[in-house]
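These notes are about the structure you will find just below.
All of the numbers you see were taken from the coordinates with simple rules; none came from a lab. As the structure is a computational prediction, the values presented were derived from the model and not from experiment. Every residue, glycine among them, receives a Cβ derived from its backbone with ideal geometry; neighbour counts consider all protein chains shown.
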Amino acid sequence: ETGVTQTPRHLVMGMTNKKSLKCEQHLGHNAMYWYKQSAKKPLELMFVYSLEERVENNSVPSRFSPECPNSSHLFLHLHTLQPEDSALYLCASSQDKRGGTGELFFGEGSRLTVL
Amino acid sequence: GENVEQHPSTLSVQEGDSAVIKCTYSDSASNYFPWYKQELGKGPQLIIDIRSNVGEKKDQRIAVTLNKTAKHFSLHITETQPEDSAVYFCAANNFNKFYFGSGTKLNVKP
């Protein structure tokens, strides 16, 4: 148990569906992240929120929409996805501080399959 | 931006042998280097890390070395056990951004 909880663990959706992934961290951290993990590729950073403000958006298509209502919760809203969006989506959190970052803790991931 | 390269992509060792995984990075501003272990169906778990003011760090059977001049760092696992079988990722951090290597699949044969 890393203190970062993701739901659902598995999701199958059609290209016209709308769904959301949820992440909750119980570590008191001030930064939260969404990563995409595809087979045989490095982890791809999608979004970063620091103190509930989005500080990073790595050219992610608009069909992915993040939301961070508070420092403990992070959502990834999905709509009109493509089959190539099938992947493991990982949430992570850290305690950012002046002069450097703290450790990055990951959740177990949400395995997304787009049909 | 930072570029992290990791080698080898797969590594097979006999139980009890040592395993070494190597990473290089490109940005001299990177100052924090964690290693993660990812088991099947789970998220990456931090196993050891090192900061740029330290050259080596050890925790039981695992150790990490850092050569800032050459911009490379390595993970060493001694006396490997079957439960060490997993995918291992290195990462480099600067300005609060993490950059990951592509992973090494370690198989420890009993």
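What's the number of the only condition in (1) of a type outside the set (Phe, Trp, Tyr); (2) under 18 Å from B:THR24 (Cβ atoms); (3) in contact with a strand residue (DSSP E or B) (Cβ under 8 Å, 6 or more places away or on another chain) that B:THR69 fails to meet?
Of everything listed in (1) of a type outside the set (Phe, Trp, Tyr); (2) under 18 Å from B:THR24 (Cβ atoms); (3) in contact with a strand residue (DSSP E or B) (Cβ under 8 Å, 6 or more places away or on another chain), B:THR69 misses just condition (3).
Only one of (1) surrounded by 14 or more Cβ atoms within 10 Å (Cβ to Cβ); (2) farther than 27 Å from B:ARG51 by Cα; (3) among the aliphatic types (A, V, I, L, M) fails for A:ALA39. Which number is that?
(1)
Within the stretch A:19-34, can one find any residue that is facing chain B (nearest Cβ under 10 Å) and either part of a loop (DSSP other than H, G, I, E, B) or closer than 23 Å to B:PRO34 by Cβ (or both)?
yes
Among the residues that make up the stretch B:34-48, is at least one of them in a loop (DSSP other than H, G, I, E, B), among the small types (Gly, Ala, Ser) and buried (at least 18 other Cβ atoms within 10 Å of the Cβ)?
yes
Of all residues in the stretch A:12-21, how many are buried (at least 17 other Cβ atoms within 10 Å of the Cβ) and in contact with a Phe, Trp or Tyr (Cβ under 9 Å, 6 or more places away or on another chain)?
Result for the stretch A:12-21: 1.
Could you please find all residues in the stretch B:80-98 being among the polar types (S, T, N, Q) and surrounded by 22 or more Cβ atoms within 10 Å (Cβ to Cβ)?
B:ASN93 - this is the single residue of the stretch B:80-98 that is among the polar types (S, T, N, Q) and surrounded by 22 or more Cβ atoms within 10 Å (Cβ to Cβ).
What are the residues in the stretch B:1-27 that are assigned to a loop (DSSP other than H, G, I, E, B) and in contact with a Phe, Trp or Tyr (Cβ under 6 Å, 6 or more places away or on another chain), if any?
Passing the criteria: only B:GLU2.
Among the residues of the stretch A:51-64, is any away from chain B (no Cβ under 13 Å), over 23 Å from B:ASN93 (Cα atoms), within 15 Å of the chain's Cα centre (by Cα) and surrounded by 19 or more Cβ atoms within 10 Å (Cβ to Cβ)?
So far as the stretch A:51-64 goes, yes, one or more of its residues are away from chain B (no Cβ under 13 Å), over 23 Å from B:ASN93 (Cα atoms), within 15 Å of the chain's Cα centre (by Cα) and surrounded by 19 or more Cβ atoms within 10 Å (Cβ to Cβ).
Out of all the residues in the stretch B:86-110, which are assigned to a loop (DSSP other than H, G, I, E, B) and within 19 Å of B:GLU2 (Cβ to Cβ)?
Step one: of the stretch B:86-110, the residues assigned to a loop (DSSP other than H, G, I, E, B) are B:95-96, B:101-103, B:110.
Selection gives B:PHE95, B:ASN96, B:GLY101, B:SER102, B:GLY103.
Can you give me the number of residues within the stretch A:76-95 that are part of a strand (DSSP E or B) and buried (at least 17 other Cβ atoms within 10 Å of the Cβ)?
10
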